[in-house]
1. Only residues in the stretch 73-101 that are closer than 15 Å to Leu55 by Cα count as the first member; pair them with residues that are at pLDDT below 65 and not in a helix (DSSP H, G or I), Cβ under 8 angstrom, at least 6 apart or cross-chain, and list the lot.
2. Please work out which residue is modelled with the highest pLDDT, limiting yourself to the stretch 1-50 and to residues that are assigned to a helix (DSSP H, G or I) and loosely packed, with under 10 Cβ neighbours inside 10 Å.
Amino acid sequence: MDSHQTEGAPQGWRPTHPHSQMGQMVCGSCRRLLSYPLGARYIKCSSCQTVNLVLEEHQVGQVKCGNCSVLLMYPYGAPAVRCSSCNFVTEIGVHNQRPPLSVQQGQPPPPPTPIQ
């Protein structure tokens, strides 16, 4: 290992390799933080045994709870999401729907119309 990679790192620390990268999610049942290898489709919680569907970043939307303002995540296409803190059901409005494919792919918006 190069010294510049480990400078200031704790004793025994080793950098991760691309093939061993891990993701994190919260169990949908018991709310425990789970780690999983990136690319996994499902992850079984070791605490409650619930099998959780792993969603990639581009498959998930975010909205604040309409009651307690906790940030909620939901799969795109869901009409509503129930808050895990207060059980309030927040409707997914037009402003929180999935953006068009052209926006997701990063195509630039059309140029502004010149003022005459």
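1. Filtered contacts from the stretch 73-101: Tyr76/Gln97; Tyr76/Arg98; Gly77/Arg98.
2. Filtering first and then ranking leaves Ser20.
The values are calculated or read from the model by the stated rules, or taken from the named source; none is laboratory data. The structure presented is a predicted model; accordingly, all values stated were derived computationally and were not measured. Because the Cβ atoms are built from the backbone with ideal geometry, glycine has one as well, and the counts that use them run over all protein chains shown.
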